[in-house]
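Asker: Take a look at the following structure, please.
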Amino acid sequence: MSSFQKSNSLTDFDAVVVGAGFSGLYMLYRLRETGFTARVFEAGDNVGGTWYWNRYPGARCDVESIYYNYTFSEELLKEWSWSAKYAEQPEILSYINYVADKFDLRRDVQFNTRVQSAQYNEKKNRWTVQLNSGEKVSAQYFITAVGCLSASNVPKFKGLENFKGEWHHTGHWPHEGVDFQGKRVGIIGTGSSGIQAIPVIAKEAKHLTVFQRTPQYSSPARNTPNDPEHLKNIRKNYSDIRAKMRHSITGIPEEPRNISVFDDSPEERQRVFEEAWQKGGLLNLTYSYNDLSITPEANAIVAEFIRSKIRETVIKPEVAEKLLPRFYYGTKRTIIDTDYFETYNRDNVSLVDVKEAPIQEITATGVKTEDAEYELDMIVFATGFDAMTGPLFKIDIRGKDGVSLKEKWAGGSHTRTYLGLGTAGFPNMFMLTGPESPSVLSNMMVSIEQHVEWVSDCISYMCDQNQAVIEAKEDAENTWSNHCREIADQTLFTKTNSWYMGANIEGKARGFQIYLGGVGTYRTICDEVAEKGYVGFILT
Ligand code: FAD
């Protein structure tokens with residue numbers, strides 16, 4: 001077996017990284033710092049990933065800006081100030097560009113280049129990576145930083161090609177912006193993106209028709225400008241904050257109150273929920289009690305509280321009724337909003353329940369449901385993503401014996417990974433924020449930094465130990481995948497059809513693909529694996 005050889009040719013790299021979002025850029029930085037050659041390939045024409053593509057009105061982060069940034073550089077933490085509690089997309093994109101410039105990252109990123117396939121060559125222990133430009137490159141390590149939410153999903157509506165107006169997907173928004181003035185706009189989808197976009201579009205459009213399949217729980221974000229004094233304090237205490245983030249459940253330095261909803265009287269619960277509602281933000285309601293995402297009866301209480309708020313906010317009772325969610329609270333992506341339910345009180349907004357009367361087709365002039373036709377000048381698809389595995393499956397990734405990742409994880413057989421970082425049969429391939437890691441149920445910046453640091457430490461270890469190949473063992477992978485499922489099955493997450501389960505994509509195998517044990521526990525497990533010489537992996 002050949003030992004690790006540092007590459008110096010123009011087309012042979014120590015590592016190829018796919019994607020120039022937060023993950024790919026930090027991976028590049030760390031690889032460079034540790035002395036490896038790396039090339040990043042990015043389909044877009046600039047850095048940013050999610051924040052490059054999702055330029056729809058109202059797009060912003062639901063994790064407080066002071067926690068949603070890189071923490072690896074003290075200098076960077078001191079230099080950057082977030083203007084608001086929840087940063088909007090343009091500001092996050094400016095931040096990523098600032099980071100790319102500060103660390104001179106662009107010179108190793110090839111933009112406008114899509115990775116089409118990656119094949120492992122067992123004789124050479126190298127990956128051959130095919131680009132859409134026709135070029136091929138090779139690398140010892142193949143690292144996917146493709147994001148969990150980068151494969152946008154436009155459901156196959158009959159007749160879309162006939163539509164005479166404009167249409168856009170929120171995850172692929174035109175850079176020059178979209179003019180809604182004087183237009184009859186239809187928006188399909190009321191997930192997180194839809195709920196962010198609807199209030200903003202409603203203010204500009206002549207009329208907005210919202211096509212809703214599943215009513216959602218959403219609570220107020222209560223966004224505010226950041227007070228400079230507050231930022232100063234945060235900076236002073238950032239090492240403590242970072243430690244808390246890293247050892248928390250979700251990557252946000254907060255924990256649920258250690259009390260069951262049934263330990264409080266109905267009046268006290270009401271007071272607690274009301275306080276959380278008034279405070280706003282992502283976790284205040286969820287963290288009010290420790291059993292809301294575990295016991296159906298506990299969940300029903302918080303769910304009813306939110307429904308009462310919707311009834312209180314939406315003036316027309318028949319509209320409010322259509323907006324009432326009925327699934328377990330928190331088992332779809334938790335949503336926070338600015339004036340979402342209030343928007344339904346506007347005269348220029350109407351709500352169409354497409355569960356009751358499904359969309360039959362898109363016509364030249366609008367949307368036709370089972371019981372009506374809606375004339376539209378523009379359609380906005382806020383229909384989300386083929387999450388987690390979607391971006392990976394868009395690349396034809398083939399490991400040992402030419403087996404493709406898609407085949408390995410196909411059909412009824414569930415996605416199987418070891419720690420969400422690697423998968424058996426695919427040596428020297430690492431997935432940043434891969435399936436079965438905390439990923440989308442965490443503050444992703446914390447998860448990204450942890451994965452990138454683990455992977456770069458692993459590659460350095462391989463080099464130091466003169467090892468050429470690392471591959472997840474099948475039994476370690478089975479144990480990990482089963483563990484992920486066991487934890488998920490103890491919660492209510494698996495009881496709801498959500499994109500976490502793959503339920504939003506026709507024909508996609510259902511399975512919960514996120515490790516729910518918490519980012520702190522996950523970090524400890526990954527660290528122990530490394531300390532024990534990468535136990536669960538075969539190194540040769
Ligand atoms: P991405 O940012 O998705 O970047 C992946 C990049 O890979 C993309 O630029 C893509 O073009 C590129 N790529 C993919 N496949 C290929 C290929 N085959 N060839 C070349 N390039 C390829 N996370 C939070 O923690 N908090 C939030 O509040 C939050 N809000 C979000 C809101 C929206 C609307 C969305 C879509 C996501 C949100 N996220 C949030 C998740 C967000 O994706 C992550 O926080 C983070 O930005 C992911 O960074 P990444 O680099 O891993 O992936």
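Only the coordinates and a few stated rules stand behind these numbers; no lab work does. Since the structure is predicted, the reported quantities are computational estimates derived from the model, not experimental observations. All Cβ positions, glycine included, derive from the backbone under ideal geometry; neighbour counts span all protein chains shown.
Asker: Could you order the peptides 298-305, 255-262, 474-481 from most to least packed, using the average number of other C-beta atoms within 10 Å per residue?
Answerer: Going from most to least packed, we get 298-305, 474-481, 255-262.
Asker: Taking the Cα-to-Cβ direction at Arg311 and at Asn497 and moving 7 Å from each Cα, how far apart do the two end points lie in nm?
Answerer: 2.7 nm
Asker: On to the next question. So how tilted is helix 474-489 from the main axis of the chain? Cα-based, degrees 0 to 90, rounded to 10.
Answerer: Between the helix axis and the principal axis of the chain, the angle is about 20 degrees.
Asker: Given the alpha-carbon gyration tensor of the range 50-168, what are the semi-axes of its equivalent ellipsoid in whole angstrom, ordered largest first, with each equal to the square root of 5 times an eigenvalue?
Answerer: Sorted largest first and rounded, they come to 30, 27, 12 Å.
Asker: State the antiparallel share, in %, of DSSP beta bridges confined to the chain, rounding to the nearest 5.
Answerer: Just about 40 percent of them are antiparallel.
Asker: Take the Cα pairs of the range 322-428, get the Kirkwood Rh, then feed it into Stokes-Einstein at 10 °C and 1.306 mPa s and tell me D in µm²/s. Before the final figure, lay out each step's value.
Answerer: On the way: Rh = 18.6 Å.
Here the translational diffusion coefficient equals 85 µm²/s.
Asker: Let me understand the range 498-540 better: what is its radius of gyration from the alpha carbons, and its Dmax, in angstrom?
Answerer: Every Cα atom of the range 498-540 included, Rg and Dmax give 15.4, 42 Å.
Asker: One-quarter of the Cα convex hull surface for the chain, in nm²?
Answerer: For the Cα atoms of the chain, the hull's average projected area reads 24.9 nm².
Asker: Under a point-charge model restricted to the Cβ atoms of Lys and Arg (+1) and Asp and Glu (-1), what is the dipole moment magnitude of the chain relative to its Cα centre, in debye to the nearest 20?
Answerer: Result for the chain is approximately 780 debye, rounded to the nearest 20.
Asker: Report the calculated FRET efficiency for Lys156 and Thr540 (r = Cβ-Cβ distance, R0 = 45 Å), to the nearest 0.05.
Answerer: 0.50
Asker: Run the numbers on the chain and let me know its relative contact order in percent, using alpha-carbon pairs under 8 Å that are six or more apart.
Answerer: With pairs under 8 Å counted, the relative contact order is 20 percent.
Asker: Measure off 7 Å from each Cα along the Cα-to-Cβ vector at Thr524 and Lys473, then give the distance between these two points in nanometres to one decimal.
Answerer: The answer from the label model is 2.3 nm.
Asker: Treating only the Cβ atoms of Lys and Arg (+1) and Asp and Glu (-1) as charged, compute the dipole magnitude of the range 395-537 about its Cα centre; round to the nearest 20 debye.
Answerer: Here the range 395-537 has a charge dipole of around 520 debye.
Asker: Here's a follow-up. What does the charge count around Met27 come to, taking other residues whose C-beta lies under 13 Å from its C-beta (Lys +1, Arg +1, Asp -1, Glu -1)?
Answerer: Counting the neighbours of Met27, the net charge comes to -4.
Asker: Quote the FRET efficiency, to the nearest 0.05, computed for Asp240 versus Asn112 with a Förster distance R0 of 41 Å and r equal to the Cβ-Cβ distance.
Answerer: Here the calculated transfer efficiency is 0.45.
Asker: Something else: Which entries in Lys136/Lys394; Lys102/Lys406; Lys473/Lys495; Lys473/Lys532 show an alpha-carbon gap greater than 26 Å?
Answerer: Over 26 Å Cα-Cα: Lys102/Lys406; Lys473/Lys495.
Asker: Round to a whole angstrom and tell me the spacing of the C-alpha centers of the range 340-356 and the range 38-112.
Answerer: Each part reduced to its Cα centre gives a spacing of 33 Å.
Asker: Turning to a different aspect of this structure: Ala298: net charge of surrounding residues, Cβ under 13 Å, Lys/Arg +1, Asp/Glu -1, itself excluded?
Answerer: Result for the neighbourhood of Ala298: -3.
Asker: Could you work out how far helix 296-313 tilts from the main Cα principal axis of the chain, as a 0 to 90 degree angle to the nearest 10?
Answerer: 50 degrees
Asker: Still on this model: Using the Cβ atoms and a cut-off under 12 Å, what net charge is assigned to the surroundings of Glu79, where Lys and Arg are +1 and Asp and Glu are -1?
Answerer: That sum, taken over residues with Cβ under 12 Å, equals 0.
Asker: Would you calculate the separation in nanometres between label points at Glu274 and Ala357, each defined as 7 Å from the Cα along the Cα-to-beta-carbon direction?
Answerer: So the two model labels end up 3.9 nm from each other.
Asker: Enumerate the lysines that Lys236 could reach by cross-link, defined here as Cα to Cα under 16 Å, with residues fewer than 8 away along the same chain left out.
Answerer: Lys78, Lys244
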